[in-house]
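Asks: Below is a structure I'd like to ask you about.
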Amino acid sequence: MLIFRGSDVYQPGGSPEAILALKQKLIDWVIALSEKGVHVASEPLEPIGRQVNGSKKTIIDSPFGQALEIIGGSTIIQAKDIDEAIEIAKGCPILESNANIEIRPLQIN
């Protein structure tokens, strides 16, 4: 799973044009992954939500942590190992906007 975190484009005050341009690049990248047969699923996240934290179950009226920790979505790919997944992630255009991609294998029982 590729987890997309942070991006200069998606920070408060980001221009709508830059957001649309990046979204189109991401769509094109996912289409290319699909054509290669490695794309399984992609889901963007809405910018709304809440958090429940700790044993006191404190509610925070925001889904976000620090600005660079904001998770914007995820993509599930098929890769033979984490090294191949890293190579696939390196091709993602979101990296051009100072984003971070966390690469994690899914635990399948």
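Asks: Given the options Glu17, Glu35, Glu43, name the one that is closer than 20 Å to Asn100 by Cβ, outside any loop (DSSP other than H, G, I, E, B) and modelled with pLDDT of 80 or more.
Replies: Exactly one residue qualifies, and that residue is Glu43.
Asks: Still on this structure, I have one more. Output the number of residues of region 97-109 satisfying the condition of being more than 21 Å from Asp8 (Cα to Cα) and open to solvent by less than 100 Å² (accessible area, probe 1.4 Å).
Replies: From region 97-109, those more than 21 Å from Asp8 (Cα to Cα) are 104-109; that's our starting set.
From what's left, open to solvent by less than 100 Å² (accessible area, probe 1.4 Å): 106.
So the answer is 1.
Asks: In this structure, does Gly6 turn out to be on the phi > 0 side of the Ramachandran plot and either without any contact (Cβ under 8 Å) to a residue 24 or more places away in the chain or of a type in the set (S, T, N, Q) (or both)? Break it down into steps so the answer makes sense when it comes.
Replies: Details: on the phi > 0 side of the Ramachandran plot: yes; either without any contact (Cβ under 8 Å) to a residue 24 or more places away in the chain or of a type in the set (S, T, N, Q) (or both): no.
For Gly6, the condition - on the phi > 0 side of the Ramachandran plot and either without any contact (Cβ under 8 Å) to a residue 24 or more places away in the chain or of a type in the set (S, T, N, Q) (or both) - is not met.
Asks: Got at least one residue in region 64-83 being open to solvent by 40 Å² or more (accessible area, probe 1.4 Å), without any contact (Cβ under 8 Å) to a residue 40 or more places away in the chain and within 15 Å of Ser97 (Cβ to Cβ)?
Replies: no
Asks: Among what's in region 55-109 and is touching an Asp or Glu at 6+ places or on another chain (Cβ under 7 Å) and part of a strand (DSSP E or B), pick the residue that is modelled with the highest pLDDT.
Replies: By that ranking, first place goes to Ser74.
Asks: Further question: Can you name the condition, by its number, that Ile60 falls short on among (1) under 22 Å from Val9 (Cα atoms); (2) surrounded by 10 or more Cβ atoms within 10 Å (Cβ to Cβ)?
Replies: Against the list (1) under 22 Å from Val9 (Cα atoms); (2) surrounded by 10 or more Cβ atoms within 10 Å (Cβ to Cβ), Ile60 comes up short only on (1).
Asks: State all residues of region 16-32 that are among the small types (Gly, Ala, Ser) and touching a helix residue (DSSP H, G or I) at 6+ places or on another chain (Cβ under 9 Å); if no residue qualifies, say none.
Replies: Listed by number, the list holds a single entry, Ala18.
Asks: Being open to solvent by less than 50 Å² (accessible area, probe 1.4 Å) and under 12 Å from the mean Cα position of the chain (by Cα) narrows it down to one residue among Ile94, Ile88; which is it? Can you show your working first?
Replies: On the way: Ile88 fails: under 12 Å from the mean Cα position of the chain (by Cα).
Checking each option against the conditions leaves just Ile94.
Asks: Next question. Suppose we filter Leu2, Leu33, Leu45, Leu22 for residues that are more than 14 Å from Leu95 (Cα to Cα), among the hydrophobic types (A, V, I, L, M, F, W, C) and surrounded by 14 or more Cβ atoms within 10 Å (Cβ to Cβ); which single one remains?
Replies: Leu33
Asks: Right, another one. Here are Lys36, Lys25: which of them is of a type in the set (D, E, K, R) and closer than 19 Å to Ile86 by Cβ?
Replies: Lys36
The values are calculated or read from the model by the stated rules, or taken from the named source; none is laboratory data. Computed from a predicted model, the values in this text were never measured in an experiment. Every residue, glycine as well, gets a Cβ built from its backbone with ideal geometry; the counts of neighbours run over all protein chains shown. Surface areas here come from the heavy atoms of the whole protein model, side chains and all, with no ligands, DNA or RNA. Shrake-Rupley method; radii C 1.70, N 1.55, O 1.52, S 1.80 Å.
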